[in-house]
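*Asks:* One structure, pasted below without further comment.
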Amino acid sequence: MPKSASQQVPKTKTVAYDIAEQLRTPDEMAAYLDAWFAEAPEDLGGIARALGDIARAKGMSQVAKAAGMSRESLYRALSEEGNPSFATILKVTKALGVRLHAGPA
C-alpha cells in the first residue's frame, strides 16, 4: 500500500565532502600524505590528488607561488588527469612544508 504524501519520508540533504577542509595543521597534512603512501603507493594519480588536496588546504595560489609555478599549472599537475614530474612533486612538497620519507619496504 503506497504511503500518502503526508507519510512520505523526508529527503536527506547531502553536501559534497572536501578533505581539504579537514587538513588544518602541518601534522594532519603530513599524516594524510603518509596514509596515501602506506595504503596506495602505486596510485600515482591518487598521490598527486592528495598533494592537490593539501595545496587547496594551504591555498593554491600561495603554494603555486612558493613552488615557482602558475596556479593553473599547479591545478593541472595535481588534477586527476595530471602527471606531474618528480621535479614538480619535489617543488610542491617543499612549498607545502612536507617531506617525503624513505624506509625499508
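*Asks:* Under a 5 Å amide H to amide H cut-off, with H placed in plane at 1.01 Å, what residues pair with Val98 once short-range neighbours are removed?
*Replies:* So Val98 has HN proximity to no qualifying residue.
*Asks:* Sticking with this structure for a sec: Hand me the tally of lysine pairs in the chain: alpha carbons under 27 angstrom apart, and the pair either on different chains or 8 or more positions apart. The partial results should precede the final answer.
*Replies:* Details: Lys3/Lys11; Lys3/Lys13; Lys58/Lys91; Lys58/Lys94; Lys65/Lys91; Lys65/Lys94.
So the count works out to 6.
*Asks:* Are there trypsin sites (Lys or Arg not before Pro) in the stretch 1-85 that DSSP marks as loop and that have at most 15 other Cβ atoms within 10 Å, and which are they?
*Replies:* Working: sites: Lys3, Lys11, Lys13, Arg24, Arg49, Arg56, Lys58, Lys65, Arg71, Arg76; in loops: Lys3, Lys11, Lys13, Arg24.
Those satisfying the criteria are Lys3, Lys11, Lys13, Arg24.
*Asks:* With contacts defined as alpha carbon pairs under 8 Å and 6 or more residues apart, what's the relative contact order of the chain in percent?
*Replies:* On the way: 79 pairs, mean separation 26.9, N = 105.
Across the chain, relative contact order equals 26 percent.
*Asks:* Give the calculated FRET efficiency between Ser79 and Lys13 to the nearest 0.05, with a Förster radius of 25 Å applied to their Cβ-Cβ distance. It would help to have the intermediate numbers written out before the result.
*Replies:* Numbers: r = 28 Å, r/R0 = 1.13.
For R0 = 25 Å, the calculated efficiency reads 0.30.
*Asks:* If you don't mind, another one. Taking DSSP loops as anything outside H, G, I, E and B, show the longest stretch in the chain free of GluC sites (Glu not before Pro) there with at most 11 other beta carbons within 10 Å.
*Replies:* Working: sites that count: Glu42, Glu80, Glu81.
Longest gap between qualifying sites, sites excluded: 1-41.
*Asks:* By how many degrees, 0 to 90 and rounded to 10, does the Cα axis of helix 44-58 deviate from the longest principal axis of the chain?
*Replies:* With both axes taken from Cα atoms, the answer is about 80 degrees.
*Asks:* Also, quick follow-up: Counting other Cβ atoms within 10 Å, which chymotrypsin sites (Phe, Trp or Tyr not before Pro) in the stretch 11-105 have at most 10 and lie in a DSSP loop?
*Replies:* Passing sites in the stretch 11-105 are Tyr17.
*Asks:* Can I ask one more? Enumerate the calculated ³J(HN,Hα) couplings along the stretch 10-20 in order (Karplus 6.51 cos²θ - 1.76 cosθ + 1.60, θ = phi - 60°), each rounded to whole Hz, writing x wherever the residue is Gly or Pro.
*Replies:* x, 6, 8, 8, 10, 10, 5, 8, 10, 4, 4
*Asks:* OK, next. Along the stretch 27-43, what does the Karplus equation 6.51 cos²θ - 1.76 cosθ + 1.60 (θ = phi - 60°) give for ³J(HN,Hα), rounded to whole Hz, x for Gly and Pro?
*Replies:* 5, 5, 5, 5, 5, 4, 5, 4, 4, 4, 4, 6, 8, 9, x, 8, 7
*Asks:* A follow-up question, please. What FRET efficiency, computed as 1/(1 + (r/R0)^6) with R0 = 22 Å and r the Cβ-Cβ distance, is obtained for His101 and Gln22, rounded to the nearest 0.05?
*Replies:* After rounding, the FRET efficiency stands at 0.50.
The numbers here are math on the coordinates, done by the rules we state, and not lab data. What you see is a predicted model, and the numbers here were worked out from it, not measured in a lab. Glycine gets a Cβ as well: all are built from the backbone with ideal geometry, and neighbour counts include every protein chain shown.
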